[in-house]
Amino acid sequence: MSDSTPIFPSADRWADWRSDFSAALGFLTRAPRLPRLATAGADEAVVDLARAMRAFPVVGALLGLASALVYVLAYAVGLPPLAAALLALASGAFATGALHEDGLADLADGLAGGNTAQERLAIMADSRIGAAGTLALVFGIALKAAALSALATPGVVAAALVAAGAGSRAIFPAILRRLEPARPDGLSAAIGVPGPDVNATAIAIGGTVVAVCLGLAPGFAAALGCALLVFAIAGIARKKIGGHTGDVLGAAQQMAEIVILLVAAAAFGAA
């Protein structure tokens, strides 16, 4: 009996999860980075961040919950749904330092402005924003705000925001596993390739949160939409820039968030 598998996770496994959660929180938000990640050697930091992607949906759910709280407070003081939705989205962008929105804008500019993979990557690396990037941000925010303002009650909005936060960040490992890095020295290349267990765990957590928040049928529709999005993004990135970058991941997160919120609006929107 001494060599049997323990029923509960060991202290070391809980410590690993706490470390991964802290690393994910530091990477995805403006919170201070985990000391171990900041002071460790480069190889150790890469391994930690690749493994920490299993905790990305957990951090995403918390970000969605924080945005939901802003929406509920704004709604409670009498602001109209659209204004409350925009404030909730603004708070989310502030909490992440607009990390993913920047990726969406950069990818849109690169795809619209370059004729070769090298030109597209150079445009994406430019800190300036072009017309395509501006339009991508405007339409992205507008779609999310419209979806949220169409939902019937603040409780449904909160559930949709939590689902979108978790589900949209569960897809990162899948994209990294499907594509090679487009740049050898880019941020996404430094992360490394998450293992299949990390991918499965992230999908399981994200999918469970989406299903609990939206229900089985809408949750399945949202998951299917995100899966199709991963295949589409991977195909476009492979063809146009030769692989993944941090901007590809950010753009994918934003589009997955839009998909989940639109599904929620279609399922629960006020008639």
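Here the accessible area of the chain is 68 percent carbon and sulfur, with a 1.4 angstrom probe and all protein chains present. Using Cα centres only, tell me the gap between segment 142-161 and segment 219-271 in whole Å. Between the Cα centres of segment 142-161 and segment 219-271 lies a distance of 18 Å. Helical content alone sets the calculated 222 nm signal of the chain at -25500 deg cm²/dmol, taking -39,500 (n - 2.57) per DSSP H segment of four or more residues and averaging over every residue.
Which value, in Å², gives the accessible area per residue of the chain when a 1.4 Å probe is used on the protein heavy atoms?
On the way: 12920 Å² over 271 residues.
Heavy-atom SASA per residue in the chain reads 48 Å².
Spacing of the modelled spin labels on Asn115 and Ala204, each 7 Å from Cα toward Cβ, amounts to 5.0 nm.
Rolling a 1.4 Å probe across all protein chains gives Asp12 an accessible area of roughly 110 Å².
Think of segment 93-214 as a dipole: +1 on every Lys or Arg Cβ, -1 on every Asp or Glu Cβ, centred on the Cα centre; then among Leu176, Gly103, Val162, Val162 lies furthest on the positive end.
Ordering of 158-164, 141-147 by packing is 158-164, 141-147, highest average first (other Cβ atoms within 10 Å, averaged per residue). Each label point was placed 7 Å from the Cα along the Cα-to-Cβ direction; for Ala11 and Ala125 their separation is 4.8 nm. Only Lys, Arg, Asp and Glu carry charge here, each on its Cβ (+1 for the first two, -1 for the last two); on that basis the chain has a dipole of about 320 debye about its Cα centre.
Once the Cβ-Cβ distance of Asp197 and Phe231 is raised to the sixth power relative to R0 = 22 Å, the FRET efficiency obtained is 0.55. In summary, the helical segments of the chain meeting the span-like criteria, namely a full DSSP H run, a Cα extent along the axis of 18 angstrom or more and a mean Kyte-Doolittle hydropathy of at least 0.5, are 56-76, 81-96, 131-150, 154-169, 196-214, 216-240, 246-268.
The values are calculated or read from the model by the stated rules, or taken from the named source; none is laboratory data. It should be emphasised that the depicted structure is a prediction, and the values quoted were computed from it without experimental measurement. Neighbour counts are summed over all protein chains in view; Cβ atoms, including those assigned to glycine, are modelled from backbone coordinates with ideal geometry. Protein only, heavy atoms only, side chains kept; ligands, DNA and RNA dropped before computing areas. Shrake-Rupley method; radii C 1.70, N 1.55, O 1.52, S 1.80 Å.
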